[in-house]
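Have a look at the structure below before the remarks.
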Amino acid sequence: MITNNQIGYILIEENNGIYRGVALVTDFRGIPLDFRYTDPIKPTRIEQILYGGALDVYLKEELILSNLLDSIEVKPGVWICRNDSLLVPLRKLSKIPTLTLSVTSRPFLEQTGDVEPQPENGVFILQADAMGSPLRLRLSEEYSSEIDSVASFLVEVAKTMELSEPFSRIEKALKVIDDEQTN
Amino acid sequence: MMMNKQIDEQRFYNFKEVLLRLFLGRVKVRHLQSNSKMFQVFSLYRSLPIHKILSEVHVSTLSLLENGTQHEPYVSTLSLLKNDVQVHSVVLSSFLTRVHSFKTRMNKVTIKSGIQIMRALPQTRENRSSSHLLKPRKDGHAFLALFSPIIEKALVKSVLNKETGTLLIWYNSQSRSFFSQSLVLFSRLGKNGGLVWEWHDLPHEMSNFKK
């Protein structure tokens, strides 16, 4: 049972060799309570060679994710991220349920709150509210038993906000920040 | 006696030849008689002793294969040359090597707060009028769109983005209301036309909103 009244969103991305991360915590209405972002990190050529294949994991998981979580002052009940690869490190670092979430075009499930396990381990379909299409959730396999508490939490949140909407707001915020830094 | 006489004659002859070579510088050529018994043939060849410089050449081998029952590699200690070999050291040159250190900047990341930027941004609500749902009806009006969930009492401003068909909403972060509803958009039929917004309660179960 998750009793926290905040929900967290994490986005760590790499575009053209530039890494950065963002964390947003909102209340159940989507009103921002905390928002942190990293300065863009651009590894030099020699850093790319020295770190090799470990560069991506090191930057995303150890450097950005760890520091973002440390900096967040308002702790959420669950973390929603976009990268499946972040599920395990995010869960281990934050010690709260973590999931990826996407909107599907599947037929509606019978009841709000219905959960349908999928053949793929850790993947579930959730009817989070009465008006939106079912959502596809992925939890790390190790913590897939948390689905019931996660589903209950998301159904509660979906009564007052759109669950996946904050990601589009995060992208807009990053664009504003980029524009400010350019000017 | 006869033998001694011949030997004496031979010695005398030899002595005479030596003196002639030394003092006259010439050799007297004599006719040799076929029956002469003083003719001696000496071989010009000498037996030359040959000594090996390289004695017993051995090859050191490092065997990584099994040697009988032993499983450890062994080295046979053999010398190539019998004699000691002197090794001289030669200094080729001295190189000055400069080692540069490289400090990576990737162990530190700057985290900033952007809460003011985020609070200024509106939330977006998609049009949820779906073929799966029962569309709201209003006499003399045509249903256009349904946006949900929206908290009316927390709403400060809303803007309909006609290009994307989405509704942008700004909330008052100080509001304590959590009561959410749907905002439905109708088009008034008839000559006057125009758009009409209407608040509707949310269906809490799928059965309330299915066809």
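A few remarks follow.
- Electrostatic bookkeeping for A:L68 treats Lys and Arg as +1 and Asp and Glu as -1; over the other residues with beta carbon under 13 Å from its beta carbon, the sum is -2.
- Close amide H pairs (under 5 Å, H built 1.01 Å from N) link A:T112 with B:M206, residues at least 5 positions away or on another chain.
- Shape analysis of the stretch A:101-157 yields a ratio of the Cα radius of gyration to the Kirkwood radius, Rg/Rh, of 0.93.
- As a proxy for reagent exposure, B:V90, B:V159 were ordered by neighbouring Cβ count within 10 angstrom, fewest first; the result is B:V90, B:V159.
- Between A:E110 and B:N127, the C-beta separation translates, for a Förster distance of 35 Å, into a calculated FRET efficiency of about 0.90.
- Summed residue charge, Cβ within 14 Å of B:W199's Cβ, Lys/Arg positive, Asp/Glu negative: 0
- Phi-based couplings in Hz for the stretch A:113-122 (Karplus 6.51, -1.76, 1.60; Gly and Pro marked x): x, 5, 10, 10, x, 9, x, 6, 4, x
- Applying the criteria of a DSSP loop state and at most 16 other Cβ atoms within 10 Å to the trypsin sites (Lys or Arg not before Pro) of the stretch B:168-201 yields B:R176, B:K191.
- In the structure shown, the pairs A:K159/B:K153; A:K159/B:K157; A:K172/B:K138; B:K112/B:K157 are assessed against 25 Å; a Cα-Cα span above that value is assigned to A:K172/B:K138; B:K112/B:K157.
- Each label point was placed 7 Å from the Cα along the Cα-to-Cβ direction; for A:V176 and B:K108 their separation is 2.9 nm.
- Estimated Rh, chain A: Kirkwood, alpha-carbon pairs, angstrom: 17.2 Å
Throughout, read-outs are computed from the coordinates displayed, never taken from laboratory work. The structure displayed is predicted, hence computed values, not measured ones. With ideal geometry, Cβ positions are generated from the backbone for all residues, glycine too; neighbour counts draw on all protein chains shown.
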